[in-house]
Amino acid sequence: MQFLLRSFLTLSLFLLSVNPVCADQTYTLDLPTQPLATTLNKLAEISGAKLMYADDAVQNLQSTPLKGTYTVAQALDQILDKNRLSYELVDNSMIVIKQKAPDPTQFPEIKITGEMDPDALYSTQYKVPDASTATKTKTPIMETPMSIQVVPKSVLNDQQAFRLEDALNNISGVFPQQGIGLIESFNIRGFNTFDYYRDGVRFQSANTQTGSRETANLERIEVLKGPASILFGRIEPGGMINLVTKKPQATPYYSVQQQFGSYNLFRTTVDATSGLNESNSLLYRLNFAYEDKGSFRQFVDNHHFFLAPVLQWRISDRTQVTLEMEYKTGKGTQDFGFPAVGNRPANLPIQRNLGESFQGSEFEEIHAGFNWSHALNDNWEIKHRANLQLTEQNATVAALLGLQPDNRTLNRAFAGFRDNKAETYNTSMDLTGNIDTFGIKHTILMGGDYFYSNNKGVFINDPNFPSIDIFNPVHSGSRIQNPTLVDPYSGTEDWFGLYFQDQIKLPYNVHVLAGFRYDNAEIKNRSAVNKQDKITPRAGVLWRPIPAISFYGNYVESLGRPNFGSIGLGGQSLKAETAQQWEAGIKTELLDGRFSATVAWFQLTKQNVATGHPDPQLALQGFSVLTGEARNEGIEVDITGELLPGWNVIANYAYIDSEITRANNDTEGNRFSNVPKHAGNIWSTFAFQNEALRGLKVGGGVTLRGKREGNPENNFQMPGYAVFNLMTSYSKKVGKTRVTAQLNVNNLFDKEYFPSSSGFGRSRITVGTPRIFLGSLRVEY
C-alpha cells in the first residue's frame, strides 16, 4: 500500500497544507522559469498555504521566475497575471486559482463565475456544465440540442452509491430491470438495454456477465436520452449510459476509503494520482477496490477484486498517449426473487430464496485500452482509441420457471454456463475541426469505428430438477444434473461504421446539429447469419435567446437490436429493429450558472419487432414476422445545482405513456414491463457554512415509483413505492490530511418493495433491499 501511495498519481485539484494564510508574512524565493504547476506546488510547500486549482487551468503554462522576497499575494500576482489567471482567498486558509474573466465587451453572452471544475477532486458541485457523450466534442449542455444528464462524483460520494442502479436513480426515465445471470440491465425511456459505454466504448454485459460494474474509477455518469447510434453504432433507442473514468492529474492526490455496513458489507477503495517526472509530462492514476458483502437474502454472497491503472504521456501541448487497464475477478450469486401469485408478487418473507445454496458464479475480466490524440493545429485534432476486453465465467443456478396450478409448487431447472468466454475488440478514429464559412462557425466531426465480439461456451439446461413449495420450501442443497443436457454455443458480432457531424453556430445564438452514420453489421452463430447495412440521420436545433434559457428540438433515427434467432418463412433472417425519435425541450441555467434544469417531451417509436407469425400453425413452428411496434411518449424533468451556498439538490420526474402498438398476440395495447407511468427522485444535501459547524453535512432524499407491469402480457403488477434515504458526514483537516466520516441510511422506514422483474414470464421479481446502514471513513492527502 505504501508503494502505491508514493508512486502513483491523481486528479485535477491540488491540496497542500492546511495552515491559515498570513497576508503580511514574506518568504525568500529563488524559483526559475518552469511549469506553472511546479511553481505553485513549491510556493505552497514553502508558505504552508493551501492552493486549489483545476489541473486543466494550468496545463502547459509556464511561470515567470521568482527571485527575492515576496508575500504569497505578491508571488501569485507575478506568476498568474501573464497567464490570465487570478486567485481568491477562501476562509483565510484556502487560495483558489481560477481563470480571469475575459473582456465583457468581447463576449457579452458569457458570464464567468470562476466556479470550480466539477471533476476537480474536492469539488462538491452537483451541476456539470459540459458533456461529450452527445456530440463526441466538449459542448456546453446548454448548447446541445439533446437531453443529456450527468451524475457527478460529488453525488456518488454523498449517496455512497457504488452500484449503477443506485446512481441512475438520479436521472429521469432510467429504471432497473432484472438481468440474466449477473448482468445489469436498465430501461431508458421505456426500452431495455444490456449495454453500457465506458468513455464512449461499448461493453456488452449480456455476453460477459462479470457482475455489477465497479464504480471506484468513475468520475461521473452521463446518460444521453434517445437513439445514440449515429456516433456509437447499434444500440437500443431509449438512450445510452456512458461511464466517464478518472484521468491522471499532475497534482498529487492520495485517498483511502473504508466502507462497512449491514449484511456484512466490507469495501475498501484506493485512489492515487501524481506526476512521475519533474515536468509532469508523465502521469499516472491508480484505482483499487475490494468488496465483500452478504445479503438479506438466503444463499446470496458476492465479493470481487478490482484494479485500474492508467499511464499518460503528455508528449507536448498538442500530443498525448494514454495506456489503461482494468482487472476484475470475483464470485457472485444470482437471485431471481419471487414469483407472482395472482396479479401481485407472492406474499413471502423477504429473506426467502427459492433457489439452492450451491448456485453461484465465478468470473474474471481484463480490459486494456490505448488512446492518443494530436492537435494538428489550433483548429484540427485527431483522436484514436483501441480497446480489448477478455472475460471468462462459470455459473450454475436453480432457475425459476413457473408456478403450477396450485399456486405454490414452483418448477425449476438446473441451468448455467461453463467456460463462457468473450473476446471483444473495438477501435475508433475521429477527426475534429473548427472552420468558418462566411462568418458562420462550424465544428466538424468525421470518423469511423470497428467492433468485433466472439462469445463461446457451454450452456447447461436440465429441466428435470426438483420443484419447490414456495410457502414451505425444502432445499436439497445438491447439484442434480443430467450430463448429456448441455449445448455448446458460439457466436460473433462484426460491424463497422462511418459517421459525419456538423455543429453550426448561426447568428442570434442559434445552434444547429446535423449528421448521419453508415453501419454495416453481421452477427452469426453455428446455424444462422444476419447481415444488414443502413444509413441513419440525426438533426437538432437549439436557440439560446439569453444566457439563462435554451429551446431545442431534434429528430433521430437508429439501427437497433438484431432480430437474431427469429426466422421468416423460408428460413431467411429478419432485419434488425429500427426506431425514430421526436424530441423538444427547454433548458435553463440560473444563479450564476450554479443551477440548471431540463424539461423534455419525447415520442419514441420502435419498429421491426419480431413477433409470432399471424398463422398459429406457422407460429408454433417458430416462424416470425416484423410486424411488432412499440411507442413510448412522455415528459421528463431534471434539475440539479446549488440553490444557496452549501445547499445542493438533484431531482427528476418522468411521465411515460408506454404502449405495444402492434403485435400478433394479445399484448397489443399493453404497457411495456418495468416502466412506471409516474416516477421521480429527489436528493438534497446541506453543508454548514458557519465556522462552528464547518465540515458538517446533512442530506436525504426519496425515490418514488408508480405501479409497473411485470411482463408484456400485463397479467401481474409490482406496486408503487417510496423509499427514503438519509446521510450525514463530517470532515476535519488534520495536518495535510482531510479525514471524512460518513453515515448513510437507505430505506429509512424499512419499506417492502419490488424494484423490477425480468420483463418476461411470472416467476422472477426482484425483492427490494430493506433498511441498511452504510458507514465510511475516508482519508485524503
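Among the residues of segment 426-451, write down those that are exposed (fewer than 15 other Cβ atoms within 10 Å of the Cβ) and either within 23 Å of the chain's Cα centre (by Cα) or among the charged types (D, E, K, R) (or both). Correct list: 429, 436, 441.
Annotation: of all residues in segment 551-564 being among the hydrophobic types (A, V, I, L, M, F, W, C) and surrounded by 21 or more Cβ atoms within 10 Å (Cβ to Cβ), the one that is modelled with the lowest pLDDT is 559. Mind listing whichever residues of segment 136-155 are under 13 Å from residue 224 (Cα atoms) and either assigned to a loop (DSSP other than H, G, I, E, B) or among the charged types (D, E, K, R) (or both)? Across segment 136-155, the qualifying residues are 136, 144, 145, 146, 147.
Annotation: of all residues in segment 243-267 being of a type in the set (Ser, Thr, Tyr) and open to solvent by 20 Å² or more (accessible area, probe 1.4 Å), the one that is farthest from residue 36 (Cα to Cα) is 263.
When segment 678-701 is filtered for residues that are buried (at least 17 other Cβ atoms within 10 Å of the Cβ) and under 20 Å from residue 177 (Cα atoms), the ones remaining, listed by number, are 679, 680, 681.
The set of residues in segment 540-550 that are open to solvent by 50 Å² or more (accessible area, probe 1.4 Å) and either hydroxyl-bearing (Ser, Thr, Tyr) or closer than 17 Å to residue 226 by Cβ (or both) contains only 541.
Restricting the first member to segment 676-690 and to residues that are basic (Lys, Arg), and the second to residues that are part of a strand (DSSP E or B), the beta-carbon pairs closer than 7 Å and six or more apart or on different chains are 677/655; 677/656. For the residues 158, 166, the requirement of being in contact with a Ser or Thr (Cβ under 6 Å, 6 or more places away or on another chain), among the acidic types (Asp, Glu) and part of a helix (DSSP H, G or I) singles out 158. Pick out the one residue from 71, 135 that is of a type in the set (Val, Ile, Thr), farther than 30 Å from residue 551 by Cβ and modelled with pLDDT of 80 or more. Of the residues listed, the single one that is of a type in the set (Val, Ile, Thr), farther than 30 Å from residue 551 by Cβ and modelled with pLDDT of 80 or more is 71. Would you check if residue 336 is open to solvent by less than 20 Å² (accessible area, probe 1.4 Å) and part of a loop (DSSP other than H, G, I, E, B)? Taking the combined requirement at face value, the residue satisfies it. The set of residues from segment 167-199 being open to solvent by 10 Å² or more (accessible area, probe 1.4 Å) and modelled with pLDDT of 95 or more comprises just one member, 169. Would you call residue 270 farther than 27 Å from residue 427 by Cβ, in contact (Cβ under 8 Å) with a residue 60 or more places away in the chain, open to solvent by 10 Å² or more (accessible area, probe 1.4 Å) and in a strand (DSSP E or B)? The answer is no for residue 270.
Here is a yes/no grid of residues against (1) among the hydrophobic types (A, V, I, L, M, F, W, C); (2) within 22 Å of residue 398 (Cβ to Cβ); (3) at pLDDT 90 or above; (4) more than 25 Å from the chain's Cα centre (by Cα):
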{"site": "467", "(1), (2), (3), (4)": "no, yes, yes, yes"}
{"site": "470", "(1), (2), (3), (4)": "yes, yes, yes, yes"}
{"site": "482", "(1), (2), (3), (4)": "no, yes, no, yes"}
{"site": "499", "(1), (2), (3), (4)": "no, no, yes, no"}
{"site": "506", "(1), (2), (3), (4)": "yes, no, yes, yes"}
{"site": "514", "(1), (2), (3), (4)": "yes, no, yes, yes"}
{"site": "518", "(1), (2), (3), (4)": "no, no, yes, yes"}
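If the condition is being of a type in the set (S, T, N, Q) and over 24 Å from the mean Cα position of the chain (by Cα), then segment 637-691 contributes 658, 661, 664, 665, 667, 670, 689, 690. When segment 423-448 is filtered for residues that are charged (D, E, K, R) and within 21 Å of residue 376 (Cα to Cα), the ones remaining, listed by number, are 430, 436, 441. Can you confirm whether residue 170 is within 12 Å of the chain's Cα centre (by Cα) and within 20 Å of residue 445 (Cβ to Cβ)? No, not satisfied.
Within segment 321-329, one or more residues are farther than 20 Å from residue 389 by Cβ and at pLDDT 95 or above. Residues in segment 463-480 that are in contact with a strand residue (DSSP E or B) (Cβ under 9 Å, 6 or more places away or on another chain), open to solvent by 40 Å² or more (accessible area, probe 1.4 Å) and over 16 Å from residue 405 (Cα atoms): 463, 464, 466, 474, 475, 476, 479, 480. Scanning segment 702-712 for residues that are open to solvent by less than 30 Å² (accessible area, probe 1.4 Å) and either more than 18 Å from residue 773 (Cβ to Cβ) or among the aliphatic types (A, V, I, L, M) (or both) turns up 702, 705, 706, 708, 709, 710, 711.
The residues listed here are 253, 196; of these, the one that is aromatic (Phe, Trp, Tyr) and either more than 20 Å from residue 451 (Cβ to Cβ) or out of contact with any Asp or Glu (no Cβ under 8 Å at 6 or more places or on another chain) (or both) is 253. Consider residue 204 carefully, then state whether it is closer than 21 Å to residue 326 by Cβ and either modelled with pLDDT under 90 or open to solvent by 10 Å² or more (accessible area, probe 1.4 Å) (or both). Yes. Name the residue that is most open to solvent (accessible area, probe 1.4 Å), counting only residues in segment 770-781 that are at pLDDT 95 or above and assigned to a loop (DSSP other than H, G, I, E, B). So the residue we want is 771. Remark: residue 250 matches the filter, which requires a residue to be more than 21 Å from residue 292 (Cβ to Cβ), small (Gly, Ala, Ser) and outside any strand (DSSP E or B). Tallying residues that are buried (at least 18 other Cβ atoms within 10 Å of the Cβ) and in contact with a strand residue (DSSP E or B) (Cβ under 6 Å, 6 or more places away or on another chain) within segment 746-761 yields 8. The single residue among 671, 738, 764 that is buried (at least 19 other Cβ atoms within 10 Å of the Cβ), within 28 Å of residue 265 (Cβ to Cβ), of a type in the set (D, E, K, R) and in contact with a strand residue (DSSP E or B) (Cβ under 9 Å, 6 or more places away or on another chain) turns out to be 764. Confirm whether residue 240 is open to solvent by 10 Å² or more (accessible area, probe 1.4 Å) and part of a strand (DSSP E or B). Spelling it out, it is not the case that residue 240 is open to solvent by 10 Å² or more (accessible area, probe 1.4 Å) and part of a strand (DSSP E or B). For segment 526-538, the candidate set comprises residues that are touching a Ser or Thr at 6+ places or on another chain (Cβ under 8 Å) and open to solvent by 60 Å² or more (accessible area, probe 1.4 Å); within that set, the residue that is nearest to residue 145 (Cα to Cα) is 531.
The values are calculated or read from the model by the stated rules, or taken from the named source; none is laboratory data. No experiment lies behind these values; they were computed from the predicted model shown. Every residue, glycine as well, gets a Cβ built from its backbone with ideal geometry; the counts of neighbours run over all protein chains shown. The area values use the complete protein model at the heavy-atom level, side chains included, leaving out ligands, DNA and RNA. Shrake-Rupley method; radii C 1.70, N 1.55, O 1.52, S 1.80 Å.
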